[in-house]
Amino acid sequence: MIKLPKGIRIPNGNEYPNGYVVEGFQYKIKNASRWSYVARISIDADKFWSIFDELSNKLLIRGKARGMIGFKEEQPEVGKQKKVQDILSDLSNYRYELLNDGYIEFGITDYNKKSFCQIYVNNYKTIMVFGNKIETLLEIMLNNGIDEIKDLKVINDFPVVSEALCEEDGLHYTQVIEEIKEKICKE
């Protein structure tokens, strides 16, 4: 079973899924005009940030992108174009909250008239990737020992509860979202 972030839990009793949530990924080839595949990735919480960082650095090849931050199931705020490393640095300052709070969604995206690449993390911490270089994604997954699973079940395929991270010394999700918006949206 995968180690989940603190704000995500397996359902209790009658909520429990009829199956297992495991680490893995699946993808589908698409014939969209600006992207050629969509993938979803289920990763153990202990590996999460390094995989997110590697995906961002290797898939966003133009070196510039836009950060994304928002409240679960709402349209995220998309920041101004910045260097990928600057966005990752801005997000990394809140790594613990981003990974563990079940109310926060975030990501990084790059797009123009010809191409679209996005690495987006929903509130259940499943990573969705839209991109053009499937070979790069496959290489990242292989190098990190993450198997392709054709019938992958991620945590949000089951009845699940996402909760706000409520720790005495921790930041509230609204503060995290507002602070990240301030960082990714300024010039």
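The values are calculated or read from the model by the stated rules, or taken from the named source; none is laboratory data. None of the values given here were measured: they were computed from a predicted structure. All Cβ positions, even for glycine, are placed from backbone atoms using ideal geometry, and neighbour counts span all protein chains on display.
Key figures for this structure:
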{"quantity": "Selection count, the range 1-23, where residues are modelled with pLDDT of 80 or more and farther than 13 Å from residue 152 by Cβ", "calculated": "6"}
{"quantity": "Positions within the range 121-162 being without any contact (Cβ under 8 Å) to a residue 12 or more places away in the chain and at positive phi, in sequence order", "calculated": "145"}
{"quantity": "Only one of 178, 187 that is at pLDDT 90 or above, acidic (Asp, Glu) and surrounded by fewer than 20 Cβ atoms within 10 Å (Cβ to Cβ)", "calculated": "178"}
{"quantity": "Hits in the range 68-89 (condition: assigned to a helix (DSSP H, G or I) and either surrounded by fewer than 16 Cβ atoms within 10 Å (Cβ to Cβ) or touching an Asp or Glu at 6+ places or on another chain (Cβ under 9 Å) (or both))", "calculated": "84, 85, 86, 88, 89"}
{"quantity": "Options 168, 163: the member that is acidic (Asp, Glu), surrounded by fewer than 18 Cβ atoms within 10 Å (Cβ to Cβ) and at pLDDT 90 or above", "calculated": "163"}
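Matching residues to (1) part of a helix (DSSP H, G or I); (2) at pLDDT 95 or above; (3) of a type in the set (Phe, Trp, Tyr); (4) under 14 Å from the mean Cα position of the chain (by Cα):
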site: 25; (1), (2), (3), (4): no, yes, yes, yes
site: 45; (1), (2), (3), (4): no, no, no, yes
site: 99; (1), (2), (3), (4): yes, yes, no, yes
site: 108; (1), (2), (3), (4): no, yes, no, yes
site: 113; (1), (2), (3), (4): no, no, no, no
